[in-house]
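The values are calculated or read from the model by the stated rules, or taken from the named source; none is laboratory data. Please read all numbers here as calculations on a predicted model, not as lab measurements. We place every Cβ from the backbone using ideal geometry, glycine too, and count neighbours over all the protein chains shown.
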Amino acid sequence: MKRTALRPYAGAALLVAPLLAHAQPAPAPAQLDSVTVTASRVAADTDRLPVAYDIITAQDIANSSARNVQELLSTQTGVHLLNSSGSSDRQTIDLRGFGMTGSSNTLVLIDGVRQNDNDLSAPSLGAVPLASIDRIEIIRGSGAVQYGGGATGGVINIITKTGFNAEHRVQLSHTVGSYDLHQTDASVALHNERVAFDAYGQVMRTDNYRDNNAERRDSGGASLAFRHDGGQIRGYVRTSSQKLELPGARGVPNAMGEDEYHNDRRGATTPDDYVRLHTDAFGLQAEQRIGTGTLYADLGQRDKRLYGLSFGSTVREQDLDESTASVRYRLPFNGGHSLVVGADWQRGTLDGEERSAFGDSAWRTSQTQRGIFGEVQIQATESTTVTVGGRRQASDDRITVRQGFAPESDQSHRLGAWQAGVRQQLGNDFSAYARIGRSFRIANADELMSLFGRDPLIPQTSVDKEIGVDWRSGATRARVSFFQSDLDNEIHFNALDGGGFGSNANLPPTRRRGIEIEGSHAFSDALSFNANATWLQARFREGTFAGVDLAGKTVPLVPTWMANASVTWRPISELALNLGAQYVGKTRLDNDQANQFHARLPSYVLVNGRASYQITKNVEASFAVNNLFDRKYATYGVRAGSVGEAGRYNLYPAAERNVMATLAVRY
């Protein structure tokens, strides 16, 4: 099975190898104390952007105790993970406090390609081995002007070691771990001055922590780039197949009065449930110098098919097709000024069908979005940079019901986003920034479809404000930021809506406000430390639902406090040791918008560690332990019902202490 999954990419490598026979050794990738980021859609200097940003370098990743991209992101300021499936690949990444809709408010990219599907699922990032990542760029609270909807929380761009800047490499690793984990990763990257090729493949099998939670994933991809005078063009293809068994929640108590969460954490409530996912994606990316500026263009196509069984008898099938196109042009001017203009188009169609004991239903949702944007950066003085930008976007949404009683709809929206900000250098070490802007989010295909006959959802909008100060001096960096987002018509599941059943709805006005503090210091080449803390408040500003006054109530699943700290020590050059601690505060359970329920999702502290040893120049071994002190915790929980203090609730247990060992060979 493993040989079959990896064979197409090995074959592709053999086909391309003749083109690269005369390849010259590649330069080492630039170390990103560099201040150039691409999460702003075109290359930009972070010293001039009025935003809070973080850059996780390849060295940071190598030093980290994280085992996958999601765990790595969870160590960053203001990032919270929620997991109701038991799969590390399907965790919701929530940036700046949106709870279960975090994936719809945080835009995730891989090499500039959007990974958020037009549904409620979290982006699948498990097929990206940490060793293949060059850097990760996190731009907080900004992105609506250049990307459109779904970026109120921010933009995360994962840049892999690909293309002409990648080192030549052939890499193979195998990982074994708790819960019968076996994972094999293979990758290759080659290039000469005109042609670059890279490919990867992954095969993963695990039983995961709980009963009926086995997971298997086969994924792979390849890209081929050609460099020509003044530009380059790159084509890529990616595929992924996953089957995941779903154990369901543990009741506290369950319908029989038993406390499953504390007495049988690893048991399965739904022993027959599962989901199968298959995704294919391909696209073209082009970059061309025209005059004194640079033109960027992208075309992409993605097809995602889902088949799932829930509650032992309900079958759900979905086929999601998405097509995207974008073009942008960046023009620099004398004096440090620059202009970016662009346009983009996206069309998504979802065909869904559900069969259950309550009846059958079938539907199609289609969305077409078109946008234009412009952003100018003005070097007002030698130390002052002003950024101003705006976007206009049109969205056409249609629901067609083929079977069942859900309402059909056909609606159009015209939306705008804008941003104005300033970055001021304060001497050699300090800088300050301030910005204000407007962002939006359009309901996705899953949210558009309702079985309860309510009015169609209207777009969510937000007015976002932020101020902050950065300090960088030698091997030390610190940042403190304050932000506030006032949202209208926030799109979220509301347990108080839908005639007692709950439904996706436009919430009354809400507000997110927070303070972020982070810092890092390298005591020497062998010893470094970093830490961060986040205070976050997510509340309803006003409104009443089902007779419940929501003003001042806390939005569920958003912790008020989060903190991380880690230390990395290299006692000898071949050995790296990392120890990290993470604190996540208590939260309101899902469905508790009324803030009446007696129980909350408890706070937890996790300690994780990793040791890696460079056996030879080409061979490395590592050992990681997660949840070192064997804490019993959950990142997601939901109450039964929607009002009242008493009642049952369900928790989704997270894994206890677990370990993982990896042997990697690189050439």
ask   = What number of residues within the stretch 625-667 are in a strand (DSSP E or B) and closer than 22 Å to L589 by Cβ?
value = 11
inquiry  = Tell me whether the stretch 450-458 contains one or more residues that are outside any helix (DSSP H, G or I), of a type in the set (V, I, T) and either in contact with an Asp or Glu (Cβ under 8 Å, 6 or more places away or on another chain) or at pLDDT 95 or above (or both).
reply    = no
note = Picking from N263, N254, the residue that is in contact (Cβ under 8 Å) with a residue 60 or more places away in the chain, more than 25 Å from N444 (Cα to Cα) and not β-branched (V, I, T) would be N254
request  = Among the numbered conditions (1) touching a helix residue (DSSP H, G or I) at 6+ places or on another chain (Cβ under 6 Å); (2) farther than 24 Å from G336 by Cβ, tell me where D396 comes up short.
outcome  = (1)
inquiry  = From the list Q377, Q285, Q301, Q318, exactly one residue is touching a Ser or Thr at 6+ places or on another chain (Cβ under 7 Å), crowded, with 18+ Cβ neighbours inside 10 Å, polar (S, T, N, Q) and in a strand (DSSP E or B). Which is it?
reply    = Q377
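Conditions (1) in contact with a Pro (Cβ under 6 Å, 6 or more places away or on another chain); (2) modelled with pLDDT of 90 or more; (3) part of a strand (DSSP E or B); (4) at positive phi, marked per residue:
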residue	(1), (2), (3), (4)
L73	no, yes, no, no
V108	yes, yes, yes, no
S121	no, no, no, no
G126	no, no, no, no
ask   = Does A611 meet the test of being surrounded by 14 or more Cβ atoms within 10 Å (Cβ to Cβ), touching a Phe, Trp or Tyr at 6+ places or on another chain (Cβ under 6 Å) and part of a loop (DSSP other than H, G, I, E, B)?
value = no
request  = Consider only pairs whose beta carbons are under 9 Å apart and that are at least six residues apart or on different chains; among these, list those whose first residue lies in the stretch 188-216 and is closer than 24 Å to G230 by Cβ and of a type in the set (K, R) and whose second residue is part of a strand (DSSP E or B) and at pLDDT below 95.
outcome  = R194/H228
ask   = In the stretch 428-437, is there at least one residue being closer than 27 Å to V340 by Cβ, basic (K, R), at pLDDT 90 or above and over 22 Å from the mean Cα position of the chain (by Cα)?
value = yes
ask   = Which of (1) farther than 30 Å from T292 by Cβ; (2) within 25 Å of the chain's Cα centre (by Cα) does S326 not meet, given it meets every other one?
value = (1)
key: Residue list for the stretch 491-523, filter: hydroxyl-bearing (S, T, Y), farther than 15 Å from G99 by Cα and modelled with pLDDT of 95 or more   = S520
inquiry  = Tell me whether the stretch 641-651 contains one or more residues that are surrounded by fewer than 21 Cβ atoms within 10 Å (Cβ to Cβ) and in contact with a Phe, Trp or Tyr (Cβ under 6 Å, 6 or more places away or on another chain).
reply    = no
note = Per the filter on the stretch 131-155, residues β-branched (V, I, T) and either more than 17 Å from S481 (Cβ to Cβ) or in a loop (DSSP other than H, G, I, E, B) (or both) are I133, I136, V145, T152
request  = For the stretch 381-404, enumerate the residues that are over 18 Å from D446 (Cβ atoms) and either of a type in the set (A, V, I, L, M, F, W, C) or not in a strand (DSSP E or B) (or both).
outcome  = E382, S383, V386, V388, A394
query = Do the conditions hold for P602, that is, is it farther than 27 Å from A131 by Cα and crowded, with 19+ Cβ neighbours inside 10 Å?
reply = no
request  = Give the residues of the stretch 136-161 that are in contact with a helix residue (DSSP H, G or I) (Cβ under 9 Å, 6 or more places away or on another chain), among the polar types (S, T, N, Q) and either modelled with pLDDT of 95 or more or surrounded by 24 or more Cβ atoms within 10 Å (Cβ to Cβ) (or both), sorted by residue number.
outcome  = T152
task = Identify all residues within the stretch 543-567 that are over 21 Å from the mean Cα position of the chain (by Cα) and at positive phi; write none if there are none.
result = G543, A546, G547, G552
